[in-house]
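I have placed the structure first, in the form of structure tokens, so that the comments after it can refer back to it.
The values are calculated or read from the model by the stated rules, or taken from the named source; none is laboratory data. Please read these numbers as outputs of a predicted model, since none were measured by experiment. Positions of Cβ are generated from backbone atoms using ideal geometry, with glycine treated the same way; all protein chains shown enter the neighbour counts. Areas reflect the complete protein model, heavy atoms only, side chains present, ligands, DNA and RNA absent. Shrake-Rupley method; radii C 1.70, N 1.55, O 1.52, S 1.80 Å.
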Amino acid sequence: MEAMIRLEGISKRFGDQVIIPPTDLTVNEGEFLTLLGPSGCGKTTLLRMIAGLETPSSGKIFLADKEVTDLPPYQRDVNMVFQHYALFPHMTVEENIRFGLKMKKVDLQEQDKRVEQVLAMTRLQELRHRYPKQMSGGQQQRVAIARALVNNPKVVLLDEPLGALDYQLRKNLQLELADLQYDLGITFVYVTHDREEALTMSDRIIVMNKGLIEQDGRPGEIYHRPGNEFVAKFIGETNFFDLGDGLTTLLRPEKLNLCPEEGDDGAHPAPHFFGTITDVVFYGTIDKVFVDLDGSKQEVVAYQYFDDARKWRMDERVGIWWYPQDEVKLSK
Amino acid sequence: MPKTWRNHALLAYALAILAFLYLPLMILALYSFNESRINAVWSGFTVNWYASLFNNRRVLEALTNSLAVACISTVISTVLGTTGAMALNRYKYRFKAAINGLLYLPILIPEIVMGLSLLVLFSQTAIPLGKVSLILAHITFCVSFVVITVNSRLEGMEAELEAAAADLYATPLQTFRYVTLPLAMPGIIAGALIAFTLSIDDFVISFFVAGPNSTTLPLYIYAMVKRGISPEINALSTLMMLTTVLLIILAHLLQGSPKKASPADE
């Protein structure tokens, strides 16, 4: 795979405050890369430095092997989808989409052709003469994407583009956006704090915290093999155990299995811990079962599927067991 | 029905206030159509006073002066005020609130103080009193209003729009031309209209800084009144009043249409 974006020792300071310490990052051609992290972790700053909307304090940025560190945003072949869309309120949908082509002085016939293509792709033909304020959030979001894609950029940068939408719409657009990226093969760099969004859409996820890259990996790796406690906690619920081997053992709640303390058939690995159920919460597809471990104050959570043979109840005595291959070991 | 009674009372009260505000102006306008030279007696309808107004060489001269001063000071104060508002809006600096507050000061300072201070300034700097001093004075009090109207318009504008334009290959000049300027335009025009109105109507400051050959309409009316109130003055005042009202309505309409509405529901 070719490197589309390369960041070499990129850093950002505001006065004495270090937002991002020197960082290296490579984005491959055609990749859907997500920068995931809590708010204030520097992911948006990193994205805006790629766009040229923020100036790095040190380091170099390469776009398709050409250095662009000192180029202004209007000379970079990348386009951004802004968090609140930033559609021009005094222009119609069509004028908004055409804006980039007009500024680049693409010839008129080519402009018409590409605008039509993108309008069709984003199903906006009927709304072409509307102004942004006459449209719903979801429609405005599609205009923002169309306005970026029409320029055939090398990279599309997306800054929490679904953040302002309601849950159901967000879930639909997640899949639509991932499909669109897959079909077009354009490199996407996507910023979000929503782990579900990151896991469902990305080819690769960069987990960030306080300006640092905590882990870089495929969604499955990030979820199943978190590199440290921060990633493990940020990407989903996790149980931490001390098994006396000098390491911290991580287990996702769906990897924990429960068995009765007495009269168990024993057809599975022996329980590591015993405890008392303190709560059972219904979550639809799963029950979340909370268990207080014997001899410690630790509470663990296990997901039990609804169709599991047995329903667990409060105050029941249970054993907790798991398969050894599901353990994730972290140094303390 | 105590409620309807209260509504009637409120309506009557509102009408009384409106009458208090507008009755004098209406009477003035009415008497501008009075055939009699004496204000107190109504003797019949005529538009002669308006006709004689436009045949009066000195009135026309004052009108020309007023328009020239208003046009020039409007253009200059609009350009200065707009660029000033953009600078104030764009950059963060220390004491921003205090500096913004200073903009309101020329509006609040008594006009007579402004007029006097400008007179002192012009005589100290040996600028002769005439059209130039008049225009300079008008620019000083118009600029604040332009800055304030344009600034409020810019504040309602989403900050990311200029970033979006730059991201879509627009150079800073193109961003200004295609995004910032069109969006600020209603504020700029409103500011210009207010500046024009203020300049046309100004008496106190003009009284201090005008020279012998730069008599404006308000100054001319004042001079006429000293020789007694004639229906011609009524006619002239009515015309000025109408112009002012029209300009202010226009400015208000332009200011009240920011294109920032909440999106419709999906």
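For the stretch B:170-198, name all the residues that are buried (at least 22 other Cβ atoms within 10 Å of the Cβ) and not in a helix (DSSP H, G or I). Hit for the stretch B:170-198 is B:Ala170, nothing else. Any residue at all in the stretch A:262-274 that's of a type in the set (A, V, I, L, M) and under 35 Å from the mean Cα position of the chain (by Cα)? There is no residue in the stretch A:262-274 that is of a type in the set (A, V, I, L, M) and under 35 Å from the mean Cα position of the chain (by Cα).
Taken as a whole, the condition of being out of contact with any Phe, Trp or Tyr (no Cβ under 8 Å at 6 or more places or on another chain), touching a residue at least 24 places away in the same chain (Cβ under 8 Å), over 30 Å from B:Ala163 (Cα atoms) and open to solvent by 80 Å² or more (accessible area, probe 1.4 Å) applies to B:Tyr104. Among the residues making up the stretch B:87-132, those that are closer than 16 Å to B:Val147 by Cβ and among the aliphatic types (A, V, I, L, M) are B:Ala87, B:Leu88, B:Ala97, B:Ala98, B:Ile99, B:Leu102, B:Leu103, B:Leu105, B:Ile107, B:Leu108, B:Ile109. Do we find that A:Val68 is at the interface with chain B (Cβ under 10 Å from one of its Cβ atoms) and either touching a Phe, Trp or Tyr at 6+ places or on another chain (Cβ under 6 Å) or β-branched (Val, Ile, Thr) (or both) in this structure? Considered against the rule, which asks whether it is at the interface with chain B (Cβ under 10 Å from one of its Cβ atoms) and either touching a Phe, Trp or Tyr at 6+ places or on another chain (Cβ under 6 Å) or β-branched (Val, Ile, Thr) (or both), A:Val68 comes out as no. Out of the residues in the stretch A:83-135 that are part of a helix (DSSP H, G or I), closer than 30 Å to A:Lys43 by Cβ and of a type in the set (A, V, I, L, M, F, W, C), which is farthest from the other protein chains (Cβ to nearest Cβ)? Within the stretch A:83-135, the match that is farthest from the other protein chains (Cβ to nearest Cβ) is A:Met121. Within the stretch B:11-26, not a single residue is touching a residue at least 24 places away in the same chain (Cβ under 8 Å) and touching a Ser or Thr at 6+ places or on another chain (Cβ under 7 Å). Going residue by residue through the stretch B:90-104, is there one that turns out to be in a helix (DSSP H, G or I) and under 30 Å from A:Leu157 (Cβ atoms)? Yes, that holds for at least one residue. The number of residues in the stretch A:237-281 that are over 19 Å from A:Lys329 (Cβ atoms) and exposed (fewer than 12 other Cβ atoms within 10 Å of the Cβ) comes to 7.
Out of all the residues in the stretch B:62-71, is one or more exposed (fewer than 13 other Cβ atoms within 10 Å of the Cβ) and within 30 Å of B:Ala192 (Cα to Cα)? Yes, some residue in the stretch B:62-71 is exposed (fewer than 13 other Cβ atoms within 10 Å of the Cβ) and within 30 Å of B:Ala192 (Cα to Cα).
With respect to A:Arg114, determine if the residue is in contact with a helix residue (DSSP H, G or I) (Cβ under 8 Å, 6 or more places away or on another chain), touching a residue at least 12 places away in the same chain (Cβ under 8 Å) and either among the β-branched types (Val, Ile, Thr) or open to solvent by 20 Å² or more (accessible area, probe 1.4 Å) (or both). Taking the combined requirement at face value, the residue satisfies it. Screening A:Gln215, A:Gln168 for residues that are without any contact (Cβ under 8 Å) to a residue 60 or more places away in the chain, over 30 Å from A:Gln111 (Cα atoms) and part of a strand (DSSP E or B) leaves exactly one candidate, A:Gln215.
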